[in-house]
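As structure tokens, the structure follows; a few thoughts come after it.
The values are calculated or read from the model by the stated rules, or taken from the named source; none is laboratory data. Note that the structure is a prediction, hence the values are computed from the model and not measured. Here the Cβ positions follow ideal geometry from the backbone for every residue, glycine too, while neighbour counts run over all protein chains shown. Remember, those area values only see protein heavy atoms, side chains included, never the ligands or the DNA or RNA. Shrake-Rupley method; radii C 1.70, N 1.55, O 1.52, S 1.80 Å.
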Amino acid sequence: AIAVNVDVIKDILSVIGPIELPEYKLTIGPDNFLTEVQKEVEEGENKVAGEPKRILKTLTPILFDRLSKLNDKEKKLLLEKLSERIDKKDIMIYFEEPVFKEHLIKLGVAGEVAVLSENFTGDYLAVVNANVAGGKSDAFMDQKISFKMTLDPRGVIENRLEIERKHRGQNEKEWWYKATNKNFMQILATPGSELIKMTGGASKGIKPLANYSSFQKDPDLTDLERKDTFMFGKTAFSTWFDVKAGETKKLSLDYISPTKLNPALASQSYEFIFDKQSGVGGEVEFIFEAPEGFRWKESNSKTFRYASENSPGRIVLRLN
């Protein structure tokens, strides 16, 4: 299975050049790929005929044909662009065959959630968004993640996580971009993390469309929907976090890490792992505060800060 995000197709089009689609009276390039294809999918003639994504069937063979005819200079340019996309987790590849699978993990292209070692000492974080019946508003969402870890003299770690999301689709013509972003958000943390407080989210009642009493329950889904569930070996905090077009909202979480550190031990280290969600960009800021009288070796200061406006697919920080 190979998964690619829209930006990958834009990069390809920037190298191979625009593609003419006479039957749609369109010329598709990197600047209009998303808007024109989405418009055709949502309200084109093919949707009425029951084949809304037919435009992609028409476009793809031409795209592959152009790729097969690239010269060496164009191949090198494309490779540079695709390498950057792999680093940002915009391309993910999965094989069932174990040897291929392990090789892809080592290359950083498998897109897997980080597996924590048995003696892991630190914090893990992933923020996972799922737009449910919110049109195509994700295309106009900006997200900023701010995480602050505070280590007290007893070795207890308190974490503060703030997630700000801004909806910029209010001035778009198409309804699917102006729709409220209906986001089911899950925060994955170190297994055993204890939630103290969450503000800014909302609960939502879902009314079944049918009577499911005679249906068999899927055991995997039942396990995932347990409130005390672990996902991918991590503790999961979840909430609905809807943002209307033109609005900016913030979700805040305070939680205790299961990790205990003795700041007086020079040999003790702290590791922080952040897994970025594929296809979701935005700023990240991570701040780590040592107790009074101590400093981080890496910054020679009580505070260590990491910030990025376009983070890689995974960030690993090791502090002493």
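Hey, can you tell me all the residues within the range 243-288 that are outside any loop (DSSP other than H, G, I, E, B), under 30 Å from residue 132 (Cα atoms), of a type outside the set (Asp, Glu) and open to solvent by 50 Å² or more (accessible area, probe 1.4 Å)?
Once the filter is applied, which keeps residues that are outside any loop (DSSP other than H, G, I, E, B), under 30 Å from residue 132 (Cα atoms), of a type outside the set (Asp, Glu) and open to solvent by 50 Å² or more (accessible area, probe 1.4 Å), the range 243-288 yields 248, 249, 250.
Out of contact with any helix residue (DSSP H, G or I) (no Cβ under 6 Å at 6 or more places or on another chain), surrounded by 16 or more Cβ atoms within 10 Å (Cβ to Cβ) and under 20 Å from residue 271 (Cα atoms): which single residue out of 163, 145, 86 fits that description?
So the residue among 163, 145, 86 that is out of contact with any helix residue (DSSP H, G or I) (no Cβ under 6 Å at 6 or more places or on another chain), surrounded by 16 or more Cβ atoms within 10 Å (Cβ to Cβ) and under 20 Å from residue 271 (Cα atoms) is 145.
Please determine whether any residue of the range 68-76 is touching an Asp or Glu at 6+ places or on another chain (Cβ under 9 Å) and of a type outside the set (Gly, Ala, Ser).
Checked against the condition, which is being touching an Asp or Glu at 6+ places or on another chain (Cβ under 9 Å) and of a type outside the set (Gly, Ala, Ser), the range 68-76 yields no hits at all.
Could you tell me which of the residues 153, 219, 208 is closer than 30 Å to residue 294 by Cα and either surrounded by 16 or more Cβ atoms within 10 Å (Cβ to Cβ) or modelled with pLDDT under 95 (or both)?
When all the criteria are applied, what remains is 153.
Out of 56, 82, which single residue is touching a residue at least 60 places away in the same chain (Cβ under 8 Å) and under 30 Å from residue 113 (Cβ atoms)?
82
Can you find even one residue in the range 122-141 that is open to solvent by 30 Å² or more (accessible area, probe 1.4 Å), out of contact with any His (no Cβ under 6 Å at 6 or more places or on another chain), hydroxyl-bearing (Ser, Thr, Tyr) and under 28 Å from residue 193 (Cα atoms)?
No - not one qualifying residue is present in the range 122-141.
Of the residues that sit in the range 226-242 and are assigned to a loop (DSSP other than H, G, I, E, B) and aromatic (Phe, Trp, Tyr), which one is surrounded by the fewest Cβ atoms within 10 Å (Cβ to Cβ)?
Checked the range 226-242; the qualifying residue surrounded by the fewest Cβ atoms within 10 Å (Cβ to Cβ) is 232.
Could you go through the range 189-205 and let me know if any residue there is of a type in the set (A, V, I, L, M), surrounded by fewer than 16 Cβ atoms within 10 Å (Cβ to Cβ) and without any contact (Cβ under 8 Å) to a residue 24 or more places away in the chain.
So far as the range 189-205 goes, no, none of its residues is of a type in the set (A, V, I, L, M), surrounded by fewer than 16 Cβ atoms within 10 Å (Cβ to Cβ) and without any contact (Cβ under 8 Å) to a residue 24 or more places away in the chain.
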